[in-house]
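Rule-based calculations on the coordinates, nothing more; no lab input. Note that this is a predicted model, so its numbers are computed, not measured. Cβ: placed from backbone, ideal geometry, glycine included. Neighbour counts: every protein chain shown.
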């Protein structure tokens, strides 16, 4: 998805071995206030995929160019979520998930109707 005022980014995170079911369960029960905070910050679409062989998580996020996602780490809801997730994925001492940005190498988009 691309267009004026919209961008798509991708990144990789690493889950601790054997935590796939728990990671999915926690996201199936994502807190409504966290979902709302992400949407309010400019997220339009957010998908996370698991490679069960490597325990790597691949995230693809479409967001407004004028997003305010950089403000979320200072919010109580984001701090609580990261603290809850820190036991099942690689994270820094502040519980922020270790994240590696991915470089785009191919894009196919349907022509506008």
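Of all residues in segment 70-95, those that are surrounded by 14 or more Cβ atoms within 10 Å (Cβ to Cβ), free of Cβ contacts under 8 Å to residues at least 40 places away in the same chain and either over 28 Å from residue 52 (Cα atoms) or in contact with a helix residue (DSSP H, G or I) (Cβ under 6 Å, 6 or more places away or on another chain) (or both) total 3. Taking the listed residues 37, 41, the one that is more than 30 Å from residue 111 (Cα to Cα), surrounded by 11 or more Cβ atoms within 10 Å (Cβ to Cβ), touching a helix residue (DSSP H, G or I) at 6+ places or on another chain (Cβ under 8 Å) and in contact (Cβ under 8 Å) with a residue 24 or more places away in the chain is 37, with no other qualifying.
Residues that are touching a strand residue (DSSP E or B) at 6+ places or on another chain (Cβ under 9 Å) and within 16 Å of residue 36 (Cα to Cα) within segment 53-79 comprise 61, 62, 63, 64, 67, 69, listed in sequence order.
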